[in-house]
1. I want to confirm something. Restricting to the range 30-46 and keeping residues that are closer than 18 Å to residue 6 by Cα and assigned to a loop (DSSP other than H, G, I, E, B), which single residue is farthest from ligand 1 (Cβ to nearest atom)?
2. Determine whether residue 1 is modelled with pLDDT under 95 and either within 16 Å of ligand 2 (Cβ to nearest atom) or part of a loop (DSSP other than H, G, I, E, B) (or both).
3. Identify all residues within the range 122-145 that are within 29 Å of residue 92 (Cβ to Cβ), in a helix (DSSP H, G or I) and within 16 Å of ligand 2 (Cβ to nearest atom); write none if there are none.
4. Do you know which residues across the range 28-51 are within 16 Å of ligand 2 (Cβ to nearest atom), surrounded by 21 or more Cβ atoms within 10 Å (Cβ to Cβ) and on the phi < 0 side of the Ramachandran plot?
5. Considering only strands (runs of 3 or more DSSP E) fully contained in the range 153-266, which possess at least 1 residues that are in contact with a helix residue (DSSP H, G or I) (Cβ under 9 Å, 6 or more places away or on another chain), within 16 Å of ligand 2 (Cβ to nearest atom) and touching a residue at least 60 places away in the same chain (Cβ under 8 Å)?
6. Do we have residue 27 as touching a residue at least 24 places away in the same chain (Cβ under 8 Å), in a helix (DSSP H, G or I) and either within 16 Å of ligand 1 (Cβ to nearest atom) or over 27 Å from residue 189 (Cβ atoms) (or both) here?
7. Check 143, 149, 160, 239 and return the single one that is closer than 27 Å to residue 270 by Cα, at pLDDT 95 or above and within 15 Å of ligand 1 (Cβ to nearest atom).
8. Return the residue satisfying two criteria in turn: it lies in the range 114-134 and is more than 15 Å from ligand 1 (Cβ to nearest atom) and crowded, with 24+ Cβ neighbours inside 10 Å, and of such residues it is nearest to residue 21 (Cα to Cα).
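The values are calculated or read from the model by the stated rules, or taken from the named source; none is laboratory data. Bear in mind the structure is a predicted one, so any value in this text is a computation, not a measurement. Ideal geometry is used to build each Cβ from the backbone, glycine not excepted, and the neighbour counts take in all protein chains shown.
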Ligand code: 2HA
Ligand code: ZN
């Protein structure tokens, strides 16, 4: 059996956590990531018959039963993942009852999965229903995106349109826009359901005064989506108190979207 610490999934997850930390998106224990794993690939590294512990999840994820996820741990710091993946990460399998996680590897200090597991697994379920290639859910606290939720209306259409105006590539990268949730208590099934509901239409969901969720086929895709929103939010915040002399207007956004052939939210523009 090969060393799981050398597996592409553990290495890439650890590298991504460090990268997110370096961006200042994951202070202290902020942020969490989950990655849907390929069972056959995992068998090269783990005896998947050997369950170390079972951990109740407190919600039903029946449609994911038998599926394996690599997830970050609750209370764990992103800055430490790369040095000690086995303590800060875990591989879980959703048990037959749909409500229990079977720990196959990791959380070596007796820890457990992220407190945001409901939002992660419910988002995986929602996205898998629209995109079979969906594998990653990523949550973090990017500074400018958070700042923007204090000074900009949380109306989804307006929020998206402002982001699209902040950089030419935005409408091409997230043509469906961003979903926005008002402030809600985090770590609950309720915010999990609300996030998953938005994930039917969006790959990005902003949690006002908290952070953002991004999804994708792999870590790079989810990271890239969040990175693009955060860059646009940074430009918004840098220019928010200055007179706006120029912008990308709605007809230019339309030309962009058509040129790149993306299916954008036409109702988010004033055309
Ligand atoms: O795990 O980011 O939303 C820490 C968080 C909770
Ligand atoms: Zn958070």
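1. 44
2. Numbers: modelled with pLDDT under 95: yes; either within 16 Å of ligand 2 (Cβ to nearest atom) or part of a loop (DSSP other than H, G, I, E, B) (or both): yes.
So residue 1 passes the test.
3. Start the filter on the range 122-145 by keeping residues that are within 29 Å of residue 92 (Cβ to Cβ), which leaves 122-142, 145.
If we keep only those that are in a helix (DSSP H, G or I) as well, we get 122-130, 145.
Of everything in the range 122-145, those that are within 29 Å of residue 92 (Cβ to Cβ), in a helix (DSSP H, G or I) and within 16 Å of ligand 2 (Cβ to nearest atom) turn out to be 122, 123, 145.
4. So the first thing to find is which residues in the range 28-51 are within 16 Å of ligand 2 (Cβ to nearest atom), and the list is 28-34.
Subset that is surrounded by 21 or more Cβ atoms within 10 Å (Cβ to Cβ): 31-34.
Passing the criteria: 32, 33, 34.
5. 204-207, 211-216
6. Details: touching a residue at least 24 places away in the same chain (Cβ under 8 Å): yes; in a helix (DSSP H, G or I): no; either within 16 Å of ligand 1 (Cβ to nearest atom) or over 27 Å from residue 189 (Cβ atoms) (or both): yes.
Against the criterion (touching a residue at least 24 places away in the same chain (Cβ under 8 Å), in a helix (DSSP H, G or I) and either within 16 Å of ligand 1 (Cβ to nearest atom) or over 27 Å from residue 189 (Cβ atoms) (or both)), residue 27 does not qualify.
7. On the way: 143 fails: closer than 27 Å to residue 270 by Cα; 160 fails: within 15 Å of ligand 1 (Cβ to nearest atom); 239 fails: within 15 Å of ligand 1 (Cβ to nearest atom).
149 is the lone residue from the list that is closer than 27 Å to residue 270 by Cα, at pLDDT 95 or above and within 15 Å of ligand 1 (Cβ to nearest atom).
8. Going residue by residue through the range 114-134, those that are more than 15 Å from ligand 1 (Cβ to nearest atom) are 124-134.
So of that shortlist, the ones also crowded, with 24+ Cβ neighbours inside 10 Å come out as 124, 127.
Numbers: 124: 23, 127: 26 Å.
The selected residue is 124.
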